[in-house]
């Protein structure tokens with residue numbers, strides 16, 4: 001017969017605090033994102049082009065699309081965010097919510113955009129490039 005695991009109240013309290021701190025960090029990142037939408041979108045688009053991960057006919061169009069993605073993130077509810085990042089949720093162990101959301105947007109949606117010629121590199125390379133810029137504008 002299988003053993004039933006019943007966490008003690010102390011363990012339950014610790015697990016609850018860990019989960020609530022993760023949710024607080026997630027909400028704080030999304031709220032702080034509103035203050036730096038334009039420079040972050042510009043930096044992400046520029047680095048993706050500089051690192052030759054995205055080949056495009058118009059860098060401004062790429063920047064506008066990233067800006068729209070970031071604005072959508074500030075208005076999205078938890079279900080929409082989880083739905084967008086579901087295909088690449090296991091890409092890195094503890095992903096930054098903004099970085100993983102933008103990465104999913106680039107990989108899933110931008111490949112079909114009229115101004116995007118091709119997207120190069122692995123998903124991890126795209127995530128790390130975006131995450132460096134996000135960490136610069138949204139430090140933990």
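The values are calculated or read from the model by the stated rules, or taken from the named source; none is laboratory data. A quick note: this is a predicted structure, and the numbers were derived from the prediction, not measured. Please note: Cβ atoms are built from the backbone with ideal geometry, for glycine as well, and neighbour counts cover all protein chains shown.
Table for the structure above
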| quantity | calculated |
| --- | --- |
| Qualifying residues in region 99-119 (those that are touching a strand residue (DSSP E or B) at 6+ places or on another chain (Cβ under 7 Å) and loosely packed, with under 14 Cβ neighbours inside 10 Å) - the one modelled with the lowest pLDDT | 111 |
| Criterion violated by residue 63 - all others in (1) crowded, with 17+ Cβ neighbours inside 10 Å; (2) closer than 18 Å to residue 139 by Cα; (3) free of Cβ contacts under 8 Å to residues at least 40 places away in the same chain satisfied | (2) |
| Yes/no for residue 128 being loosely packed, with under 13 Cβ neighbours inside 10 Å and within 18 Å of residue 51 (Cα to Cα) | no |
| Residue match in region 24-32 (condition: assigned to a helix (DSSP H, G or I), farther than 18 Å from residue 127 by Cβ and more than 15 Å from the chain's Cα centre (by Cα)) | yes |
| Residues that are farther than 15 Å from residue 29 by Cβ and touching a helix residue (DSSP H, G or I) at 6+ places or on another chain (Cβ under 8 Å), drawn from region 93-108 | 104, 105, 106, 107, 108 |
